[in-house]
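Trainee: Structure provided below as structure tokens; questions to follow.
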Amino acid sequence: MFREAYRKFLEAEITPNVERWRQQGIVDREAFEKAGEQGFLMIWPDEQYGGLGDKDFRFEQIIIEETQRAGCGEWFNTLHSRLVGPYLEHFGSDDQKQRWLPDCVSGKKVLAIAMTEPDAGSDLAGMRSSLNVEGDHYVLNGSKTYISNAINADLVIVAAKSDSEDHSHSMTLCVVERGMDGFERGRNLDKMGLKAQDTAELFFNNVVIPKENILGEPGRGFFYLMQGLAEERLIAMVMAAANARRGFNITREFAMERKVFGKPLSHMQNTQFKLAEMDAELDILQVYVDHCVSEHNEGRLTVNMAAKGKLQATELEWRMMDLGVQLHGGAGYMQEYAICSMFTDARINRILAGSSEIMKLIIGRDIFTDNYSSILD
Ligand SMILES: Cc1cc2nc3c(=O)[nH]c(=O)nc-3n(C[C@H](O)[C@H](O)[C@H](O)COP(=O)(O)OP(=O)(O)OC[C@H]3O[C@@H](n4cnc5c(N)ncnc54)[C@H](O)[C@@H]3O)c2cc1C
């Protein structure tokens, strides 16, 4: 029932706008409010904050799958709902939750998270932004780049270095609010794909951060981010698996319609073999993704499991998009065919939320330790 209701919501409120959002380079803010009104944004917060209080990740899985299925993935509602929002829940005080969560659930306030800097992406410990105590408040300086929802965001969770002996890992998370003095947004960046998503630089010049805007314990930010990354990678794998399946379906339909040398492309053994390999890989991937979702619901999703799923899902998604374009022929290079933008949109997924190389580092470093275990153990 939830899937059906969300599908109808997408058909009515989101799908008709996607092309216009691509042209303007940003999603209308109202999209978040409309989703909020109908209960599709941030489902998990307790009822006192306006949510349903249901933390079952399968609700978000349905939202991600249906958003991808409908070709609306550029409306990154899950970034708001399940990637950034949980930081407020897990590390926010009661006062902070009361202050921010209700407006995030209703979509009045849009969320973003800012970790990456021009010189620090994969290596977060190398960031230079600073957040230091001055009297009864903190002062934030530095800049961030490639931040999703950066233009639309009202609340940005910013990670910055704080004073400490262990300077490389001493990070603090703070919430920067729209309108704070010294907080500025750069231009909306011109990307290869995901044209409807606003991605921008953020600048912080002596921004006064009241102590009430510090999230969790000062200096623990790096560990908080590491905790959040397993769920971020789960989101990435659910998204990539659903999007790859959409690429498969679109390509399958095209191959049945398109005639080459007097018969449908689908009659060629190459088409059947290539799509057979994909079909098998996609089904097997989906079983692992569902397994990770249920492990996450039980609190058992490890960083290693999430890294394996993220690596496999995004690499397979990429191979599917490449095959899709190939089987479409020249049409696959034309924007009027969905597979064309799916190809460019998917390219970032092997880099975002930890690149494939970083996933291999995480998986690889466990293989030769006493902690090593496989799914059969
Ligand atoms: C569209 C888009 C949206 C984004 N949204 C956000 C956001 O909302 N918030 C945010 O904070 N960030 C965001 N990012 C940033 C993203 O998380 C980073 O781009 C990503 O973490 C990679 O960092 P980098 O770009 O600095 O690349 P680098 O870290 O410089 O990596 C360059 C290459 O080096 C490889 N590499 C790095 N370290 C190693 C290693 N130890 N061993 C082997 N190879 C290695 C990488 O895999 C990659 O191939 C976004 C980026 C894009 C493009």
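Trainee: At 1.4 Å probe size, put Phe343, Phe222 in order of accessible surface, largest to smallest.
Mentor: Numbers: Phe343 60, Phe222 30 Å².
Descending order: Phe343, Phe222.
Trainee: Leaving out ligands, DNA and RNA, what percent of the accessible area of the chain is carbon and sulfur, probe 1.4 Å?
Mentor: 50 percent
Trainee: To the nearest 10 Å², what's Val287's accessible area with a 1.4 Å probe?
Mentor: Ignoring ligands and nucleic acids, Val287 comes out at about 100 Å².
Trainee: Also: Could you give the length gained by full extension between Asn188 and Ala280, i.e. 0.36 nm per residue of separation minus their alpha carbon distance, to one decimal place? Before the final figure, lay out each step's value.
Mentor: Numbers: separation 92, 0.36 × 92 = 33.12 nm, distance 3.94 nm.
Answer, rounded to one decimal: 29.2 nm.
Trainee: In what sequence, largest accessible area first, do Met226, Met127 appear using a 1.4 Å probe?
Mentor: Met226, Met127
Trainee: Alpha carbon centre of region 330-357 versus region 256-310: separation in Å?
Mentor: If we compute the Cα centre of each part, the gap is 16 Å.
Trainee: Treat each spin label as a single point 7 Å out from the Cα along the C-beta direction, and report the Leu376 to Val133 distance in nm.
Mentor: 5.4 nm
Trainee: If every alpha-carbon in the chain counts as one equal scatterer, what log10 I(q)/I(0) does Debye give at q = 0.13, 0.14, 0.15 1/Å?
Mentor: The Debye formula, applied to the Cα set alone, gives -1.10, -1.26, -1.42.
Trainee: Then there's this: List the residues of region 31-47 whose backbone N lies under 16 Å from a point placed 7 Å from the Cα of Asn297 along the Cα-to-Cβ direction.
Mentor: Counting backbone N atoms under 16 Å from the label point, the list is 43-44.
Trainee: Add -39500 (n - 2.57) for each DSSP H run of 4 or more in the chain, then divide by its residues: what number comes out at 222 nm, to the nearest 500 deg cm²/dmol?
Mentor: -14500 deg cm²/dmol
Trainee: Can you put His328, His90 in order of accessible area, largest first, using a 1.4 Å probe?
Mentor: I get His90, His328, largest accessible area first.
Trainee: Also, quick follow-up: I'd like the antiparallel share, as a percent to the nearest 5, of DSSP beta bridges with both residues in the chain.
Mentor: 85 percent
Trainee: If you don't mind, there's one more thing I want to ask. Which residues make up the longest stretch of the chain that has no GluC sites (Glu not before Pro) in a DSSP loop with at most 14 other Cβ atoms within 10 Å?
Mentor: Result, exposed sites excluded: 1-164.
Trainee: Label points 7 Å out from Cα along the Cβ direction at Ile363 and Glu11: separation in nm?
Mentor: It is 3.9 nm.
Trainee: Roughly speaking, what % of Cα-Cα pairs in region 27-134 are separated by over 16 Å, rounded to a whole number?
Mentor: Value for region 27-134 (Cα pairs over 16 Å): 63 percent.
Trainee: In square angstrom, rounded to the nearest 10, how much accessible surface does Ser162 have for a 1.4 Å probe?
Mentor: Per-residue accessible area (Ser162): approximately 10 Å².
Trainee: Based on the Cβ-Cβ distance of Asp54 and Tyr333, what FRET efficiency does E = 1/(1 + (r/R0)^6) give at R0 = 56 Å, to the nearest 0.05? Could you put the intermediate results ahead of the total?
Mentor: Values: r = 44 Å, r/R0 = 0.78.
Efficiency at R0 = 56 Å is approximately 0.80.
The values are calculated or read from the model by the stated rules, or taken from the named source; none is laboratory data. This is a predicted model, so every value here is computed, not measured. FYI the Cβ positions are ideal-geometry reconstructions off the backbone, even for glycines, and counts take in every protein chain you see. Note: areas computed on protein heavy atoms with side chains; ligands, DNA, RNA excluded. Shrake-Rupley method; radii C 1.70, N 1.55, O 1.52, S 1.80 Å.
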